[in-house]
1. Can you list residue pairs whose Cβ atoms sit under 7 Å apart, with the first residue in the stretch 103-123 being in contact (Cβ under 8 Å) with a residue 24 or more places away in the chain and the second being part of a helix (DSSP H, G or I) and hydroxyl-bearing (S, T, Y)? Count only pairs 6 or more apart in sequence or on different chains.
2. Kindly check whether there is at least one residue in the stretch 365-375 that is within 30 Å of W122 (Cα to Cα) and either touching a residue at least 60 places away in the same chain (Cβ under 8 Å) or of a type in the set (D, E) (or both).
3. For the stretch 316-387, which helices (runs of 4 or more DSSP H) that fit wholly inside it have 3 or more residues that are within 24 Å of the chain's Cα centre (by Cα)?
4. Just to check your reading of the model, which residue among D260, D236 is assigned to a loop (DSSP other than H, G, I, E, B), at pLDDT 95 or above and within 11 Å of the ligand (Cβ to nearest atom)?
5. Being within 16 Å of the ligand (Cβ to nearest atom) and crowded, with 21+ Cβ neighbours inside 10 Å is the filter here, so list the residues in the stretch 263-278 that pass it.
6. Pairs needed: first member in the stretch 245-270, under 30 Å from L357 (Cβ atoms) and touching a residue at least 60 places away in the same chain (Cβ under 8 Å); second member anywhere, basic (K, R) and open to solvent by less than 10 Å² (accessible area, probe 1.4 Å); C-beta distance under 6 Å; at least 6 residues apart or different chains.
7. When you scan the stretch 432-454, do you find a residue that is in a helix (DSSP H, G or I), touching a helix residue (DSSP H, G or I) at 6+ places or on another chain (Cβ under 7 Å) and either open to solvent by 10 Å² or more (accessible area, probe 1.4 Å) or polar (S, T, N, Q) (or both), even just one?
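The values are calculated or read from the model by the stated rules, or taken from the named source; none is laboratory data. Computed from a predicted model, the values in this text were never measured in an experiment. Here Cβ is always computed from backbone atoms with ideal geometry, including for glycine, and neighbour counts include all displayed protein chains. Just so you know, the surface numbers come from the protein's heavy atoms only, side chains and all, with ligands and any DNA or RNA stripped out. Shrake-Rupley method; radii C 1.70, N 1.55, O 1.52, S 1.80 Å.
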Amino acid sequence: MSTPPPRPPQARLASGPDGAATLRPLLSAVLDALDSGRRARGGPLPAGGPPAVAARLRDAVGDVLPEHGDPQALHTLVHALAEGAADPADPLCAAHLHCPPLAVAAAADLAACVLNPSLDSWDQAPAAAELEALVTRALARLAGLADAVVTTGGTESNQLALLLARETHEQTVRLVCGANAHHSLPRAAWLLGLPDPVVVPAPDGTLDLAALEEALRGLGGPRGRLVVAATAGTTDAGLIDPLPQVAEVCAAHGARLHIDAAHGCGLLFSDRHRSELAGLDAADTVALDLHKLGWQPLAAGLLAVRRPHELAVLHSRADYLNAPDDTEAGLPDLLGRSLRTSRRPDILKIAVTLKALGRTGLGRLVDTVCARARQLADLVEARPGLDLYGPPVISTVLFRPADADDDTVAAVRRTLLTEGRAVLGRARLAGRLWLKATVLNPDTRPDDLATLVKLVEGSTRA
Ligand SMILES: *Cc1c(COP(=O)(O)O)cnc(C)c1O
């Protein structure tokens, strides 16, 4: 028998004895293509708007499933994606809670891809399972809670929080949330078949306490029937609900408390800003997203819980993954740590980041972006042609051309997008449309902030 000819590099494995030798040149091709694509783009996002970007991408890709393979595919597609990317590492790309990931986290994620542990059974992820248990508990403790499960982000965390509420109280629970709550909360109520949520006004962007108290008094009912969702870091404005007071009102009315800290949780790392999250530890559940103020590549979400036994409702049995005799013999049962089955080890990049930077290293990044946001707010305030919504609480700055109508504000944003000059978001608050800059890039320089302000002024006049 003759040995078969070796497969071409693009058909070899990432791991095993030849993994490193196979990967090294491919990684080098990826790094080159990322760089050439970035240079070809030459700005925070590709110019020309959707039709031009789509046409360029289609041209670059060609046949997506050719009859025979193309050894240049890796370089071609990575270059095309980078050329057409909205790049959060460019300081003028500051619309969303879309962070530039840390290199150390991206490198760790490569290892997760190569080893490919799947966290649905111990025999697919022996060490990853233990790492996840260690790190989720540590992060839960940082938030003042007891344990946490890994999710794909705030959306899944909010769903799980409502599911735990529903299953723990064995009755129809009703969500009470602010008008400032993330859209995924009412959507989770819909998905779980809960009654329509009660929406409490948030006239200044945060939950109105008197209105919350009145709603809870009016709704009444047995303990745990109402689940209040408060927000620590609204998506639009980065505002934090009055958490200690919300917690008091919930305790007084026997309501369960979920805090959506998907945005604000990064403040926990900072000595300077941590106190802004006082009250977080009074929650029954807390949503945390480290792919925002934690500089992780997507996805890196967690749901922290005060009472770990509540997670028991996620338990599920599949003989091939957690047979009772295997569990009895001491194989950890992982299936109940998620509603997903196959599950990638997002915990590795998180663990590497926590250990490589330490709490103070992450805290410094948080402090830096918060300080940059304040500088941007100061620049805006100094310009007579611009209005500032208010001083930033985290790192979101809302502003608008003074005396412009909402259509003009929306058009300024779209013009900057289409020209490929800046990526700014939009938010409707206090009855008006605002431009939103979410500063998540710690390398942003004062010059970049000045450029952003000039671009907005220039496109308003145009
Ligand atoms: C981003 C965000 C979410 C949603 O999180 P995903 O990670 O996008 O699923 C939920 N709540 C708040 C407050 C957020 O900022």
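1. Note: pairs meeting the criteria are V104/T353; A105/T353.
2. Within the stretch 365-375 (the criterion being within 30 Å of W122 (Cα to Cα) and either touching a residue at least 60 places away in the same chain (Cβ under 8 Å) or of a type in the set (D, E) (or both)), the answer is no, since none of the residues qualifies.
3. In the stretch 316-387, the matching helices (runs of 4 or more DSSP H) lie at 347-382.
4. D236
5. Those that are within 16 Å of the ligand (Cβ to nearest atom) and crowded, with 21+ Cβ neighbours inside 10 Å: H263, G264, C265, G266, L267, L268, L277.
6. From residues that are under 30 Å from L357 (Cβ atoms) and touching a residue at least 60 places away in the same chain (Cβ under 8 Å), there are no pairs.
7. yes
Residue by residue, here is whether (1) away from the ligand (no atom under 16 Å from the Cβ); (2) open to solvent by less than 10 Å² (accessible area, probe 1.4 Å); (3) under 24 Å from the mean Cα position of the chain (by Cα) holds:
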site	(1), (2), (3)
D281	yes, no, yes
V286	no, yes, yes
D289	no, yes, yes
L293	no, yes, yes
L298	no, no, yes
L302	no, yes, yes
V305	yes, yes, yes
L311	yes, no, yes
